[in-house]
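The values are calculated or read from the model by the stated rules, or taken from the named source; none is laboratory data. Remember, predicted model here, so these are calculated numbers, not experimental data. Counting neighbours? That spans all protein chains shown, and the Cβs are built from the backbone with ideal geometry, glycine included.
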Amino acid sequence: MVMNASPPYQPPQPWSDRLRRSGLVVVATAVALTALVVLNDLTITRALLVFICIAGASLVPLQLHDVVRSRDEAAEARLAEGAAVRAIVAGMPDPAVLLDRVGRVLHMNAQAAQLAPALRRNELALFALRSPEIIAALRASIATTQMQRATYVERVPVERWMELVVSPVSMPTEFGGIDNCFLMTFHDQTQLRRVEEMRADFVANASHELRTPLAALSGFIDTLQGPARDDVKARERFLSIMHAQATRMARLIDDLLSLSRVELSAHVRPDARVDLVPILRQVVDGLEVLARERQVTVEANLPSRPIFIAGETEELLRVFENLIENGLKYGASGGRVVVSLAQATEGDSTPEIRVAVRDFGPGIAPEHLPRLTERFYRVDVGDSRAQGGTGLGLSLVKHIVNRHGGRLLIESVPGKGATFIACFPPVRAATEG
Ligand code: ADP
């Protein structure tokens, strides 16, 4: 708008044109004066003086004209720059505020106005900001004209971790000089913090899980080298415990590797056409020994015809192994685990292929259900460890099912058992046939 209000821009006349015009005046003057000298109407000295005056006069307007024009152009350029700065601040994706050299607000964008509603144009930002960290950073930046960073927590309306960067910027002034201004930008770091916290928790949990069996192993090695050196009975017992602990460590590492592999390919949907019936049969057969050990009968209600989904056999084997093994371990008291495979349609949604693993054990209290698929989450840590569990099984199951475009449902009535249902979309038309 400001730019439209100013007169239309005219390109400057080329120097050569202007010089040629002044040259013509000078040459015409010289010819006229020479004629007057030849006709004895003027002395040479006077003619020379007149010539100098006229030649000078013909050049001076040229200079003045240039000065006026360059001032107009500079003013116009400054207006354009001001509008550009405003547009840049307004278009910044994060909250941004431009301050003058004493900290008065020159421009700010809508996000900044939302973040700090007390900020007003032409008023000192220091009075409108609440967080002591921001105020300290801004003061330090104004005093030193150095970039300053600060992190602080916004508590309302939701808790957010914010980072503030105050950067000194040089801005052209109205009179052609340079002024030190400050650009405050705010960056939401909440997501990053959460990921960092999760990673730190994960490393702490994984190290803890590995350290426990490792401590047991080294304890038994010490005992076997020392007091139990010649005790054959104790040696046999300790070796079998050591074997169990080593197996647990190996299992934990296997689960960790599987989890990171599945996470890496989380966005790639498997496209091989696989029949779930033989996969489920293979898992049930493979767990026969464990079932017998736990005195649990496994009933497999599988259809006689093939049921195809788009999937990856190895990963699907891990899913059903984990679910059925959990049923055998944690639901053993029910004496029965039922594995069923069926196609189900809920409401008017597209049909799903559902694999349900149901046990009749103690079940799971409702407050644990939403957290069961978190890494290392267990209802009873001691029980899980005693069963050789890693706390990663259901997390792996959920990741694999998600990668297959499906979902995991968990239903339980305490005292009556638990049902884990892995739902998969039916095979797509392109992969069918
Ligand atoms: P874990 O290696 O401990 O078995 P999972 O991720 O497979 O880890 O399971 C997490 C926790 O969920 C288990 O420690 C157990 O407390 C609970 N859980 C899983 N399946 C069942 C079940 N069928 N019945 C009761 N609790 C279960």
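In segment 345-362, the residues that are under 12 Å from Thr419 (Cα atoms) and of a type in the set (Val, Ile, Thr) form Cβ pairs under 6 Å with partners that are within 16 Å of the ligand (Cβ to nearest atom) and modelled with pLDDT of 75 or more, at six or more places apart or across chains, as follows: Val355/Ala422; Val357/Leu323; Val357/Ile324; Val357/Gly327; Val357/Val339; Val357/Phe420.
For segment 286-300, a tally of residues being over 13 Å from Ala332 (Cα atoms) and over 44 Å from the mean Cα position of the chain (by Cα) returns 3.
Strands (runs of 3 or more DSSP E) wholly in segment 116-232 with at least 2 residues that are touching a residue at least 40 places away in the same chain (Cβ under 8 Å), within 27 Å of the chain's Cα centre (by Cα) and over 30 Å from Asp72 (Cβ atoms) - which ones? So that I can check it myself, show each step before the final result.
On the way: elements: 148-154, 160-172, 178-188.
In segment 116-232, the matching strands (runs of 3 or more DSSP E) lie at 178-188.
Taking segment 304-406 and the helices (runs of 4 or more DSSP H) fully enclosed by it, the elements with 1 or more residues that are over 31 Å from the mean Cα position of the chain (by Cα), more than 8 Å from the ligand (Cβ to nearest atom) and crowded, with 22+ Cβ neighbours inside 10 Å are at 313-330. Against the numbered list (1) farther than 30 Å from Leu214 by Cβ; (2) in contact with a Phe, Trp or Tyr (Cβ under 9 Å, 6 or more places away or on another chain); (3) assigned to a helix (DSSP H, G or I), Glu411 comes up short only at (3). From the list Arg292, Arg248, the one residue that fits, being over 19 Å from Tyr377 (Cα atoms), of a type in the set (Lys, Arg) and either buried (at least 17 other Cβ atoms within 10 Å of the Cβ) or without any contact (Cβ under 8 Å) to a residue 24 or more places away in the chain (or both), is Arg292. Taking the criterion of being more than 30 Å from Ser70 (Cα to Cα) and of a type in the set (Val, Ile, Thr), the residues of segment 14-59 that qualify are Val31, Thr34, Val37, Val38, Thr43, Ile44, Thr45, Val50. The single condition among (1) within 9 Å of the ligand (Cβ to nearest atom); (2) part of a strand (DSSP E or B) that Ile421 does not satisfy is (1). Looking at segment 279-290, is at least one residue in a helix (DSSP H, G or I) and basic (Lys, Arg)? Within segment 279-290, one or more residues are in a helix (DSSP H, G or I) and basic (Lys, Arg).
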